[in-house]
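> Dropping a structure here in structure tokens format, bear with me for questions.
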Amino acid sequence: MSAPTAQNATTAGTAGESDSARASLEALRTEIAKAVVGQDPAVTGLVVALLCRGHVLLEGVPGVAKTLLVRALAASLELDTKRVQFTPDLMPSDITGSLVYDARTAEFSFQPGPVFTNLLLADEINRTPPKTQSALLEAMEERQVTVDGTPRPLPDPFLVAATQNPVEYEGTYPLPEAQLDRFLLKLTVPLPSRDDEVNVLTRHAQGFNPRDLQAAGVRPVAGPADLETARAAVASTTVTPEIAGYVVDICRATRESPSLALGVSPRGATALLSTARAWAWLTGRDYVTPDDVKALALPTLRHRVQLRPEAEMEGVTTDSVITAILAHVPVPR
């Protein structure tokens, strides 16, 4: 009788830790809301990316608090964060680090770049040339950087949150499809509603300083231990064969769409399944439903497809194509 009792106690303890980690991550919304108004979908997307060990591309016009959102997330999670302003003259070594000659020892020593952090904010990533953009590829995919033939692991957790401006193209270098595919999610940060914008102005009138999050009351409510517990719980979330087939059917439909020149790859299908599992766990379930897949389909797939020129000229968007596919692909019962 003792063995089952011990096993039940272990299961109960694991469930309790999972619930505690979920509560901590849900508390992020409250903390981030002290600094950022009305961007709940973007906050949720960033948390999902952390749970899936993925990276996020934030797209929005200047001044919608993309940078502040990432800084508030880092402050709420007790994580180390660094910011890099991407410019046309930025070199790969400015991100990864380089070997520096020490005259006292007559040896070269490695000086880590800003990529050696938990949360890297890559501001305006499309303003730097492809050579420097690609410096992030190994870091994002392999979670290490290689300098002078020596691989150096990055801290865990590690997330790249890159921002780009969707309306200004002069002097920019659009990310190629291969690099876009490295981002787990592409989140759009819209302009706030009138009520939210009034709230923003009221806060500033009362003395809110976006550069001083501590004064705004933002405090750490979760840490790396909570993330590890949450990731383990997400990994044990049940995925039935019917749900896996539903994800595949959605992705295969993008490859057959007459409006798309490029559909979702198998890596994109894997990403959609991962994000749906994370969302299912965040909402308090240990199994994935079709609604979980639908909820994460747009941010997970919108940057993995490419419109045909004629469809683009007709005003078709990637979001509208994916939405139409979700409406037509049969939902498992």
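> In whole angstrom, how far apart do the alpha carbon centroids of the range 149-201 and the range 118-142 sit?
10 Å
> Under a 5 Å amide H to amide H cut-off, with H placed in plane at 1.01 Å, what residues pair with Ser265 once short-range neighbours are removed?
Those qualifying (amide H under 5 Å, at least 5 residues apart or on another chain) number zero.
> Still on this structure: Calculate one ³J(HN,Hα) per residue across the range 273-290 by plugging θ = phi - 60° into the Karplus curve 6.51 cos²θ - 1.76 cosθ + 1.60, and present them in order as whole Hz with x for glycine and proline.
Working through the residues one at a time gives 5, 5, 5, 5, 5, 5, 5, 4, 5, 4, 8, x, 10, 10, 8, 9, 10, x Hz.
> How large is ³J(HN,Hα), in whole Hz, for each residue of the range 226-240 in order, when computed from phi with the Karplus curve 6.51 cos²θ - 1.76 cosθ + 1.60 and θ = phi - 60°, using x for Gly and Pro?
Calculated HN-Hα couplings, in order: 5, 5, 4, 4, 5, 4, 5, 5, 4, 5, 9, 5, 6, 10, 7 Hz.
> Taking the solvent-accessible surface of protein heavy atoms with a 1.4 Å probe, what is the per residue accessible area of the chain in Å²?
Details: 16330 Å² over 333 residues.
Per-residue value: 49 Å².
> Measuring from centroid to centroid over Cα atoms, what is the spacing of the range 90-113 and the range 249-299 in Å?
Here the answer is 42 Å between Cα centres.
> Among DSSP bridges having both ends in the range 60-145, what percentage is antiparallel? Round to the nearest 5.
Roughly 55 percent of the DSSP beta bridges within the range 60-145 come out antiparallel.
> Quick one: which residues, 5+ away or cross-chain, put their amide H under 5 Å from the amide H of Leu260? H built at 1.01 Å from N.
It is Arg308, by chain and number.
> State the label only: which of (1) 58, 52, 31; (2) 66, 65, 52; (3) 70, 56, 40 corresponds to Cα extents along the principal axes in Å computed from the shown model?
Only one listed value fits the structure, namely (2).
> For the chain, give the share of DSSP beta bridges that are antiparallel, in percent and rounded to the nearest 5; count only bridges with both residues there.
Roughly 40 percent of the DSSP beta bridges within the chain come out antiparallel.
> Name the residues whose placed amide hydrogens come within less than 5 Å of the amide hydrogen of Leu159, ignoring near sequence neighbours (fewer than 5 apart) on the same chain.
Here Leu119, Leu120 satisfy the definition.
> Could you run the Karplus curve 6.51 cos²θ - 1.76 cosθ + 1.60 with θ = phi - 60° over the range 308-318 and give me ³J(HN,Hα) per residue in whole Hz, x for Gly and Pro?
With the stated coefficients, the range 308-318 comes to 6, x, 5, 5, 5, 5, 7, x, 6, 10, 5 Hz.
> Related question: Over the chain, with a Gaussian network built from C-alpha contacts below 10 Å, which listed residue (Gln111, Gln133, Gln206) shows the highest mean-square fluctuation?
Gln206
> With the Cα gyration tensor of the range 246-293 in hand, convert its eigenvalues to equivalent ellipsoid semi-axes via √(5λ) and list them largest first in whole Å.
25, 9, 7
> Taking the chain as a Gaussian network, Cα atoms linked when under 10 Å apart, which of Gly38, Gly284, Gly149 shows the biggest mean-square fluctuation?
Gly149
> Tell me, what % of the accessible area of the chain is carbon and sulfur with a 1.4 angstrom probe? Provide the component values of the computation, followed by the final result.
Details: 8870 of 16330 Å².
Carbon and sulfur atoms account for 54 percent of the accessible area of the chain.
> Of Leu282, Leu57, Leu175, which has the largest mean-square fluctuation in a 10 Å C-alpha GNM of the chain?
Judging by the Gaussian network model, the answer is Leu175.
> Right, another one. Can you give the calculated 222 nm mean residue ellipticity of the chain, where each DSSP H run of n ≥ 4 adds -39,500 (n - 2.57) and the sum is split over every residue, rounded to the nearest 500 deg cm²/dmol?
-15000 deg cm²/dmol, from helical runs alone.
> Here's something else I'd like to know. Ignoring solvent entirely, what values of log10 I(q)/I(0) come out of the Debye formula for the range 200-333 at 0.12, 0.17 Å⁻¹ when each Cα is a single scatterer?
Relative scattering, expressed as log10 I(q)/I(0), comes to -0.63, -0.87.
> How large is the charge dipole for the chain, taken about the Cα centre, if only the Cβ atoms of Lys, Arg (+1) and Asp, Glu (-1) carry charge, to the nearest 20 debye?
With only Lys, Arg, Asp and Glu charged at Cβ, the dipole is about 300 debye.
> Taking every DSSP beta bridge with both residues inside the range 106-264, roughly what % is antiparallel (nearest 5)?
Antiparallel bridges: around 50 percent, rounded to the nearest 5.
The values are calculated or read from the model by the stated rules, or taken from the named source; none is laboratory data. Values in this document were obtained by computation on a predicted structure and should not be read as measured data. Quick reminder, even Gly has a Cβ in these numbers, built from the backbone with ideal geometry, and neighbours come from all protein chains shown. SASA here: full protein model, heavy atoms, side chains in, ligands and nucleic acids out. Shrake-Rupley method; radii C 1.70, N 1.55, O 1.52, S 1.80 Å.
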